[in-house]
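Contents: one structure, followed by commentary.
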Amino acid sequence: MSHASVDEALTGYRIVHRALLTSTASRWRDLDISMQQLRALYLLRDEDEVPVGRLAELFGVGLPAASLLADRLVRSGFVARRGDPADRRRVLLSLTRAGMRLVTELQEGSHTVLRRWMASLSPEDLAALSRGWRALAEVASRYSELLEKSTV
C-alpha cells in the first residue's frame, strides 16, 4: 500500500473525528469536569469499585491528590465513597447512577451519531468500511499482544 493511500485514509479519519466532536460538542461543553475526573469515571465504570489508592497508582499521583479528585467527584454526585468492611483504613469508590448515566451518555452519544452516518452509506460502502475496520482491529490486536508480551 502506498503512503498516499495511508495519508488519504488518515485524512478521512481526521474529517470524521472532527465532525464527531462537533456533533457531540454541546454535551461536552456543558460538562463541568476535568479530563482527569472524566478518566476516573471511565476507570470506575470499567473496574466497578476501587480504593482511592488504586486511583493514585493509575494516575501517577499521591494519595492526597487522588483523595481530592475523589472528593470533587463525590461532591458532583457522580461517585459514591464508602469504607472497606475488610480494611477500615481503605476507602472504596464506585459510580453512582448519575455517574454511570453520564459515562453511558457520553459514549453512546458518539455511537448514535456514527450509527446514523453509517446507516446512510450504500451497502457496498458499508461493507467496505466494515472490512477495513475489522482488518485494522486485527492489526491493532496483534500489536497490542506484542506490546503486552514485551513488557512481561
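Each value in this text was obtained by applying a stated rule to the coordinates, not by laboratory testing. All figures in this text were calculated on a predicted structure; none of them were measured in a lab. Cβ placement follows ideal geometry from the backbone for every residue including glycine, while neighbour counts extend to all protein chains displayed.
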For 45-55, 66-76, ranked highest to lowest by mean beta-carbon neighbours within 10 Å, the order is 66-76, 45-55
For mean projected area of the Cα convex hull in nm² the list reads (i) 8.8; (ii) 13.3; (iii) 12.7; the calculated value is entry (iii)
Scoring the stretch 31-120 by relative contact order with C-alpha pairs under 8 Å, at least six apart, yields a percentage of 28 percent
Simple spin-label estimate for Thr112/Asp7, 7 Å along Cα→Cβ, in nm, reads 3.8 nm
With a Förster distance of 41 angstrom and the Cβ-Cβ distance between Thr104 and Leu63, calculated FRET efficiency to the nearest 0.05 equals 0.90
So Leu126 and Ser141, fully extended at 0.36 nm per residue minus their Cα-Cα distance, gain in nm 3.2 nm
Simple SL model, points at 7 angstrom along Cα→Cβ for Arg29 and Glu49; separation in nm is 4.0 nm
The chain, Gaussian network, Cα under 10 Å: of Gly77, Gly62, Gly132, the residue fluctuating most is Gly132
Restricting to Cα pairs under 8 Å and 6 or more apart, the percent relative contact order of the chain works out to 20 percent
